[in-house]
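The values are calculated or read from the model by the stated rules, or taken from the named source; none is laboratory data. Keep in mind that what you see is a predicted model, and the values were worked out from it rather than measured. Neighbour counts run over all protein chains shown; Cβ positions are idealised from the backbone, glycine included.
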Amino acid sequence: VVVPRTKAEKETKRPSLFRVLLHNDDYTTQEFVDWVLMAVFHHDPESAHRIMLHVHMHGVGVAGIYPFEIAETKAEKTMSLAREAEYPLLVTVEAE
């Protein structure tokens, strides 16, 4: 008996990914950026500090790469925490 194989109706494809970027400014403290990278983006202290220094030296750095909704939520959460702490930290999201 030959059983024909059927192809799945629709292939599931991975969602597009987006980078969450932190932008350097002259007011947001390095300690705050370290804290946000650990609290919002779940980096360990060493990687958080390394990313913060990259942002400080190069003007911008990647905090994380996520599907769009997650990237947008993390960017908004970070900006909200920065405003509460009275920092002008800019966080943007761009396609990977």
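Contact map, segment 42-54: first residue surrounded by 14 or more Cβ atoms within 10 Å (Cβ to Cβ), second residue at pLDDT 95 or above and among the hydrophobic types (A, V, I, L, M, F, W, C), Cβ cut-off under 6 Å, separation 6 or more or different chains; pairs are His43/Leu37; Ala48/Leu37; Ala48/Met38; Ile51/Leu37; Met52/Val33. Summed over segment 55-70, the residues that are surrounded by 17 or more Cβ atoms within 10 Å (Cβ to Cβ) and more than 15 Å from His23 (Cα to Cα) give a count of 1. Within segment 25-39, one or more residues are modelled with pLDDT of 95 or more, touching a Ser or Thr at 6+ places or on another chain (Cβ under 7 Å) and assigned to a helix (DSSP H, G or I).
Only one entry in Glu76, Glu11, Glu96 is of a type outside the set (Gly, Ala, Ser) and surrounded by fewer than 10 Cβ atoms within 10 Å (Cβ to Cβ), namely Glu11.
Residues in segment 59-81 that are part of a strand (DSSP E or B) and over 10 Å from the mean Cα position of the chain (by Cα): Val60 alone.
Search segment 55-96 for residues being without any contact (Cβ under 8 Å) to a residue 60 or more places away in the chain and among the aromatic types (Phe, Trp, Tyr), and hand back the single one that is nearest to Glu31 (Cα to Cα). Outline the logic, then answer.
Taking segment 55-96 first, the residues without any contact (Cβ under 8 Å) to a residue 60 or more places away in the chain are 55-86.
After this cut, where a residue has to be among the aromatic types (Phe, Trp, Tyr) as well, the list is 66, 68.
Working: Tyr66: 24, Phe68: 27 Å.
Here the residue is Tyr66.
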